[in-house]
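Colleague: Take a look at this one; I'll ask things after.
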Amino acid sequence: MTTRAELAELIGSGLAGWLQLRNAEGTAALHGEDSARLALTQILRAQAAWRVAIAQQPLNWTNTKKRVDLALVPWADSVNTWYGVVEVKWPGAEFDRQKTRLDIVQDAIRVVEVRRRT
């Protein structure tokens, strides 16, 4: 099984490569959070280790409409264990530093709140 650090490295290197390609094409400024989410989904699915669910509600969250950006789940539909979650923030060329910082902290807290359930 992939460790959390290895997964973070895969995501980071894959997304960095994707952004470099966008820069080479001259289209880097045209992309946003949805594009980054799609790229991450493609990177993670290419690993063939997880099924990627988009905008999924964690199993232990109740009475909320909040969702995580990406959930890494086993290939078998009958299994309800999550391997991990990914939240995406993609600030544009100009952004409010304080609001973006708050959004990132809130995402980090949401990720911590997702408990592994077997």
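Colleague: Counting residues that are open to solvent by 60 Å² or more (accessible area, probe 1.4 Å) and closer than 18 Å to ILE11 by Cα, which strands (runs of 3 or more DSSP E) fully inside the stretch 33-118 reach at least 1?
Modeller: 51-56
Colleague: To continue, here is another question. In this structure, is ILE11 surrounded by 14 or more Cβ atoms within 10 Å (Cβ to Cβ) and β-branched (Val, Ile, Thr)?
Modeller: Judged against the criteria, ILE11 is a match.
Colleague: From TRP18, TRP61, grab the single residue that is within 25 Å of ILE109 (Cβ to Cβ), among the aromatic types (Phe, Trp, Tyr) and in contact with a helix residue (DSSP H, G or I) (Cβ under 9 Å, 6 or more places away or on another chain).
Modeller: Going through TRP18, TRP61 in turn, the sole match is TRP61.
The values are calculated or read from the model by the stated rules, or taken from the named source; none is laboratory data. Everything numeric in this text was worked out from a predicted model, so none of it was measured. Every residue, glycine among them, receives a Cβ derived from its backbone with ideal geometry; neighbour counts consider all protein chains shown. Calculation scope for accessible area: heavy atoms of the full protein, side chains included, ligands and nucleic acids excluded. Shrake-Rupley method; radii C 1.70, N 1.55, O 1.52, S 1.80 Å.
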